[in-house]
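J.: My structure is below; once you've seen it, I'll send some questions.
Nothing in this text is a laboratory measurement; each read-out follows from the coordinates by a stated rule. Please read these numbers as outputs of a predicted model, since none were measured by experiment. Here the Cβ positions follow ideal geometry from the backbone for every residue, glycine too, while neighbour counts run over all protein chains shown.
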Amino acid sequence: MTEEKIEEVRETSDEAVLDHPVSRHRGHRRRMAKRFAEAGFDGWREHEILERLLYEVLPRRNTNEVAHALIRRFGSLRGVLTAEPEELAEVRGIGPVSAKWLTALLPRFTENLLGTMRQSPVTDGEMLVLADWFLGYLAHPAAYVFLASDGRLLGAVPVENAEEEPEPEGRVILLIREADASHDLIRALAGHLRPRPDKVFALTKKRELREIEI
């Protein structure tokens with residue numbers, strides 16, 4: 001048995017207090033699976049999302065307690081998913097295997113998300129997903145989206161990282177949180193940015209994208 005397999009077995013079999021099936025959790029995974037099938041993660045709290053994600057790597061453990069412990073340690077779901085594997089493994093119930101799995105989620109999700117948008121013109125819904133991702137989940141103040149002439153995604157980066165990108169071709173879209181500044185200030189900001197955006201969309205509190213004329 002390999003060292004990694006031994007560690008995987010240890011993660012799902014040690015710490016009896018976490019492994020032992022508790023009557024109040026009987027059927028809990030089935031209920032969460034049904035809830036996810038009906039509405040995705042809409043309305044879920046952060047520890048519930050993390051609990052559901054952990055099902056994939058801790059199949060026999062009470063992941064509710066592990067999820068709460070991770071949120072307490074790192075402050076948020078984002079904090080958990082951007083933590084170092086060594087830090088995650090310090091939390092009771094998480095070992096090296098599950099720690100590596102958690103830290104791989106964000107890069108894998110980003111790669112898949114951007115990859116699908118490179119195949120066909122980006123829709124309004126996909127633009128909203130990009131705004132949610134960069135402005136909401138990753139908490140960047142603003143982000144660039146680079147589109148080809150046919151509307152396919154060429155790239156998407158936080159504004160502060162734009163200097164590292166080659167000169168963009170096609171259209172340049174600026175995404176920014178509406179709550180961060182007035183429309184006049186956003187217009188002024190857009191005029192001084194390089195590359196200068198062709199369009200600016202502000203993400204509202206109601207999770208809508210509102211175009212700002214520049």
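J.: Give me the number: length gained by fully extending Arg73 to Arg207, i.e. 0.36 nm times residue separation minus the C-alpha to C-alpha distance, one decimal in nm.
T.: Additional length available on full extension: 45.4 nm.
J.: Taking just the alpha-carbon atoms of the range 119-212, what radius of gyration and Dmax come out, in angstrom?
T.: So, for the range 119-212, Rg and Dmax equal 12.2, 35 Å respectively.
J.: May I ask for the net charge around Thr204, where only other residues with Cβ less than 11 Å from the Cβ of Thr204 are counted and Lys, Arg are +1 while Asp, Glu are -1? Before the final figure, lay out each step's value.
T.: Values: positive: Arg177, Lys205, Lys206, Arg207, Arg210; negative: Glu178, Glu208.
Residues close to Thr204 contribute a combined charge of +3.
J.: Using the count of nearby Cβ atoms within 10 Å as a rough guide to exposure, how do Ile173, Ile49 rank from fewest to most?
T.: Ascending number of Cβ neighbours within 10 Å: Ile49, Ile173.
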